[in-house]
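Bear in mind that the values in this text are calculations on the coordinates, not laboratory data. Remember, it's a predicted structure, so these values are computed and weren't measured experimentally. Here Cβ is always computed from backbone atoms with ideal geometry, including for glycine, and neighbour counts include all displayed protein chains.
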Amino acid sequence: MATTQTAIRPDASQVLSKAVSRAAERLQLSRAMLATILGLSPATITRLYDGKYLLDQKRKEWDFALLFVRVFRSLDSIVSNDETARVWLTNENLALNGRPIDLITQTEGLVRVVHYLDTSRGLV
């Protein structure tokens, strides 16, 4: 007698919402900074942290959240240390012509940082 089991798939909005808040916490980014990166209000970020708001796949916040998580994951794979990742984010980067923490607050800068880290990760 064969039984079929249906795998429970987590909701993508729940997964990304939790991943974004955890990445921000590990990088010690303020909620205000995360709000700026995602293009959301500080009140919405508070609800996100409280589990009362989930990121919406149909809005730009989703794309920004995916990019932000890529930044975190790339840094984690390159340096494997939250403190080193925080230092990297806040120090001047000559290749990026600025501090990554400042760059990721704007769309173009966030994309540049992701591409830079993806390229760097490819070399590791």
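For this structure, a couple of remarks:
- Contact order relative to length of the chain, as percent, for alpha carbon pairs under 8 angstrom and 6 or more apart: 22
- Size of electric dipole in the chain: Cβ of Lys, Arg +1 and of Asp, Glu -1, about Cα centre, debye, nearest 20: 280
- Considering only Val69, Val15, Val113, the Gaussian network model of the chain with Cα springs below 10 Å gives its largest mean-square fluctuation to Val15.
- For Arg99, the amide hydrogen comes within under 5 Å of the amide hydrogens of Asn93, counting only partners 5 or more places away or on other chains and with H modelled in the peptide plane.
- Span-rule helices in the chain, defined as complete DSSP H runs reaching 15 Å or more along the axis (Cα) with Kyte mean at least -0.5: 12-26, 60-79, 107-123
- Among [x] 14.1; [y] 15.3; [z] 16.1, the entry that matches Kirkwood radius over Cα pairs in Å as calculated here: [y]
- Summed residue charge, Cβ within 14 Å of Arg47's Cβ, Lys/Arg positive, Asp/Glu negative: 0
- Set of aspartates and glutamates with alpha-carbon distance to Lys18 below 20 Å, sequence-local pairs under 8 removed: Asp50, Asp56, Glu61, Asp63, Asp76, Asp82
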